Amino acid sequence: MQPRQITSVTLVVLVTLLPGCATHRAEIGQSDVVKSFGVSDMTLADPHLDHIFAWIPRDRAQTASVAEALVYIELGRAKEEVGTILCGGDWLINSASVDSIGPYPSTAPVILGGYPAWYFHVSNKPGLAGCPAMPTETLYRELGNRLPSWITVRAAAARAGDDPGTAIASTLRQH
């Protein structure tokens, strides 16, 4: 088997096993309160960190564990594709995770369709390693372009010339 096939099979097996071994298993019941996390939550996020915002459709993930796994699977797939195309096959690696929120039952922002979702937000120290020859802005843009519409990646504010605080940010996409 080729390495890509082994990775794909491994990810499928892990996603299948996650609901049975996870310690954090939120399930939606009729009495559960659904919190709305929206675009305003994105603007309040620390501008000094990289962020991954996801509104995983509940019809794709029955539990919080599966929703979280889907985010990491999609990120891994997009990083592999960007690394293969732009970085000579090198893998893009995020910096250390600082904080995460969720997955929690929520409703996706109206711009995404307002569907029942799991909200998941991860904050990382800034930067992507593994492709030093490519500008950071290009890496984040290409990564964002390869993700499903329910995942948004926002890079930390970066110095661009003499203008501190110029953000390299992805935006919510409508599909």
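The values are calculated or read from the model by the stated rules, or taken from the named source; none is laboratory data. As the structure is a prediction and not an experimental result, all values here were calculated from the model. Every residue, glycine among them, receives a Cβ derived from its backbone with ideal geometry; neighbour counts consider all protein chains shown. Side chains included, ligands, DNA and RNA excluded: accessible areas come from the protein's heavy atoms. Shrake-Rupley method; radii C 1.70, N 1.55, O 1.52, S 1.80 Å.
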TODO: Could you check how many residues of region 89-103 are surrounded by 14 or more Cβ atoms within 10 Å (Cβ to Cβ) and under 15 Å from residue 77 (Cβ atoms)?
DONE: 3
Open item on the list: Any residue at all in region 123-142 that's buried (at least 22 other Cβ atoms within 10 Å of the Cβ), under 23 Å from residue 46 (Cβ atoms) and at pLDDT 90 or above?
Closed with: yes
Open item on the list: Any residue that is aliphatic (A, V, I, L, M) and not in a helix (DSSP H, G or I) - is there at least one of those in region 71-82?
Closed with: no
Open item on the list: For region 104-117: of the residues being modelled with pLDDT of 95 or more and under 22 Å from residue 78 (Cβ atoms), which is most open to solvent (accessible area, probe 1.4 Å)?
Closed with: 115
